[in-house]
Structure formats: C-alpha cells, structure tokens
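Undergrad: Structure below; questions to follow.
The values are calculated or read from the model by the stated rules, or taken from the named source; none is laboratory data. Not measured: the values here are computed from a predicted model. Positions of Cβ are backbone-derived with ideal geometry, glycine not excepted, and every protein chain shown enters the neighbour counts. Just the protein is used for accessible areas: all its heavy atoms, side chains included, with ligands, DNA and RNA removed. Shrake-Rupley method; radii C 1.70, N 1.55, O 1.52, S 1.80 Å.
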Amino acid sequence: MYKIIALDMDGTLLNDDKIITEVTKKALQSAREKGVKVVLASGRPIDGLRRYLEELGLVDDNEYVLSYNGCLVQETKSEKIISEKGLKGSDLHYIYNFAREFGVNIHAFSPTRGLITPKNSKYTEVEAEINKIDINICDFDEISEDESIIKIMLIDEPDVLDKAIAKLPKEVGEKYNLAKSTPYFFEIINKESNKGLGLKALADYLNVDKDEIIAVGDAGNDLDMIEFAGLGVAMENGHSNVKEAANYITKSNNEDGVAEVVKKFILK
C-alpha cells in the first residue's frame, strides 16, 4: 500500500490555467481518506504554494510540503522544519559573476528578503506573478558572504538562457545541483538538495519505505524524486528524459493525469 504521493505543481497537478480541477481534488481527497499523505513538491517558495495547500485542505498538523525543489521540507501548519539545505551569499556572488559575464538575468530567494534581484526583468515578474509575491531589488554585491540564500536562478529568453548555460564551467555542475524547470528558468541549489533527497528526508522522518511512495512530475527538477520513489510517474506532457526514467506515464496535466494515477494505484 502506498503511504505518500508527492506531486509536482506546474505541468503536473496544475493544468495550463494553473488550476487544480475538481476531478483531481476529489481523487486526492479519496486518497487521503485511505490514509495516503498528499505532499506538494515544488520549485516554488512556500508562499507560492500556500493557496494550493489551503485549497486541498493540507494546512494542518502532520501535513508536509517540499518547497524550493526540496531545499526546504516542513510541516505546513507549524512550519516546523524537517530538512533544510541552502546556499550562502558567497554562492550568489559566484553565480552572479557568470550572469554578468554571459549577459543573462538572475534572481534568487532569501529566507529574510524573499525574491531578490539586482534588476527587474520579464521572467522575474513571471516568478512573482506565479507565486503572488513581491520583487525586492537589491545590490547582490552588498549581500554578505555568509548570508543565507535558498535558491539561485538564471532566468531569460530561452535562447539567451541556453547559451549562458552552455558556457557555464564544469565546476558549476560539480558544486551545485542544476535543473532547467522551464525553458526560461534554470535553477541552482545546494548539492545535497533536490526533490528526491527532500522526499527521502521526509520518508525517513515518517518512517516510510521508498516502495510506499508515488512521485509524479513532468520536468528535469522532478527526475530525482521520480527515480527515488517506488513508483515514479511522468506526465504525458513531460520531458523525454523524465518519461524514460518513469515506471508509468499518465495522462497530461490538462487531462487529469494525477487523478488517473490516484485511481489506478491507490483507489483501485
């Protein structure tokens, strides 16, 4: 019997209108009634997930969420931290130098400052709108070396971003976990963090075996949790490498693919 179903948000749980359909809500509620924990696992900050947690009735004791691609795992009501793996200002300075050299836009998330960027840009505004959060303009050079940073992102038009990614030295991939979550978002997080490691930390905390976990996603930042889970599921609209790694491919996010997974493997 499965005990946890971990769900990516964009391109997975949410349809293209950024909505959780009533069909999917009912399926997830039925799964919860059978004792299965529904865990949102997203690259979004916690503030960008809260309205969906509330919509699904997941803000409560003993309910959990993975935010920032698994950098932060916490209880939804008390916000008690189960696992936290972040970066520092020194990492931000290191990546910012490449951003300036390659002419690509950058923003980051700080536990105290929120969404920060040295200058506003189209895709920082997209990030702010998706998550309903404010943009804080600040000089990255003035951030101290040891200040806590959760996640760094290179963000730009896909062709500009791809050229910048191609120029990054090999050592960047050795120092950090890297994932392209959309054509215009490239995410840089702690080497010891990803959705798979975040899900493992939660499973260990709850004493749940990996074979009792379903993970569902569509993009590169979902790959680690899909490979970790006993049942890794890719969306039909998912990236080809995610589909190749999955045990099962469900319908697309616009066809209630998450509901299909719940009905087939939990409510069967």
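Undergrad: Rounded to whole Å, give me the distance from the Cα center of region 71-91 to that of region 200-222.
TA: Their Cα centres are 17 Å away from one another.
Undergrad: In Å and from the alpha-carbon atoms only, list the Rg and Dmax of the chain.
TA: Both quantities, over Cα of the chain: 17.8, 56 Å.
Undergrad: Right, next: When the chain is modelled as a GNM with alpha-carbon springs shorter than 10 Å, which of Gly173, Gly198, Gly86 fluctuates the most?
TA: Result: Gly173 has the largest fluctuation of those listed.
Undergrad: Shape of region 158-253 from its Cα gyration tensor (a ≥ b ≥ c, root eigenvalues): rounded if a/c is under 1.5, otherwise prolate when a/b > b/c, or oblate?
TA: Oblate, since a/c reaches 1.5 and b/c is not below a/b.
Undergrad: Next question. Cα centroids of region 1-65 and region 121-189: how far apart, whole angstrom?
TA: A separation of 25 Å, based on Cα centres.
Undergrad: Can you tell which of Pro169, Pro158, Pro118 shows the greatest fluctuation in a Gaussian network model of the chain with Cα springs below 10 Å?
TA: Residue with maximal mean-square fluctuation among Pro169, Pro158, Pro118: Pro169.
Undergrad: Follow-up. What do you get for chymotrypsin sites (Phe, Trp or Tyr not before Pro) in region 141-193 restricted to DSSP loop and a cutoff of at most 14 other Cβ within 10 Å of the site's Cβ? If you can, show how the numbers build up before the last one.
TA: On the way: sites: Tyr176, Tyr184, Phe185, Phe186; in loops: Tyr184.
Sites meeting the loop and neighbour criteria: none at all.
Undergrad: I need the shape label for region 110-206. Rule: rounded when a/c is under 1.5, else prolate if a/b > b/c, else oblate, with a, b, c from the alpha carbon gyration tensor.
TA: Values: a/c = 1.45, a/b = 1.20, b/c = 1.21.
Verdict is rounded for region 110-206.
Undergrad: Oh, and also: Taking the chain as the reference, fit the longest principal axis to its C-alpha atoms, fit the long axis of helix 195-206 to the helix C-alpha atoms, and give the angle between the two in degrees, 0 to 90, nearest 10.
TA: 50
Undergrad: Moving on. Take the cross-link list Lys85/Lys210; Lys34/Lys191; Lys163/Lys264; Lys26/Lys88 and give me the ones stretching past 32 Å between alpha-carbons. Intermediate values should be presented prior to the final figure.
TA: Values: Lys85/Lys210 21 Å; Lys34/Lys191 35 Å; Lys163/Lys264 42 Å; Lys26/Lys88 41 Å.
In this structure, Lys34/Lys191; Lys163/Lys264; Lys26/Lys88 exceed 32 Å between Cα atoms.
Undergrad: Also, quick follow-up: Tabulate in residue order the Karplus-calculated ³J(HN,Hα) for region 128-141, using 6.51 cos²θ - 1.76 cosθ + 1.60 with θ = phi - 60°, rounded to whole Hz; enter x for Gly and Pro.
TA: 5, 5, 4, 9, 6, 10, 7, 9, 10, 7, 8, 7, 4, 5
Undergrad: What order, most packed first, do the peptides 224-234, 127-137 have when packing is the mean number of other Cβ atoms within 10 Å of each residue? Mind showing how you got there, number by number?
TA: On the way: 224-234: 23.9, 127-137: 14.9.
Answer by packing, highest mean first, reads 224-234, 127-137.
Undergrad: Still on this structure, I have one more. How are the Cα pair distances of region 40-144 distributed, in percent, across 5 Å bins from 0?
TA: Final binned percentages: 2, 11, 21, 21, 19, 13, 7, 4, 1, 0.
Undergrad: Probe radius 1.4 Å, ligands and nucleic acids ignored: give me the carbon and sulfur share of the accessible area of the chain as a rounded percent.
TA: Details: 5240 of 11550 Å².
So the carbon and sulfur contribution to the accessible surface is 45 percent.
Undergrad: As a check on your grasp of the helix formula, calculate [θ] at 222 nm for the chain: sum -39500 (n - 2.57) over DSSP H runs of n ≥ 4, divide by the residue count, round to the nearest 500. The partial results should precede the final answer.
TA: Values: 10 runs with 91 residues, N = 268.
Using -39500 (n - 2.57) per qualifying helix, the result is -9500 deg cm²/dmol.
Undergrad: Send over the Kirkwood Rh of region 204-268, from the inverse of the averaged 1/r over different Cα pairs, rounded to one decimal Å.
TA: Values: mean 1/r = 0.0851 Å⁻¹.
Its Kirkwood hydrodynamic radius stands at 11.8 Å.
Undergrad: As a quick test, which of the pairs Lys18/Lys167; Lys132/Lys180; Lys25/Lys77 have an alpha carbon distance above 27 angstrom in this structure?
TA: Values: Lys18/Lys167 33 Å; Lys132/Lys180 21 Å; Lys25/Lys77 20 Å.
In this structure, Lys18/Lys167 lie more than 27 Å apart at Cα.
Undergrad: Another question, then. In 5 Å bins starting at zero, report the fraction of Cα pairs in region 66-112 per bin as a rounded %.
TA: Using 5 Å bins, I get a P(r) of 5, 16, 23, 19, 14, 11, 7, 4, 1 for region 66-112.
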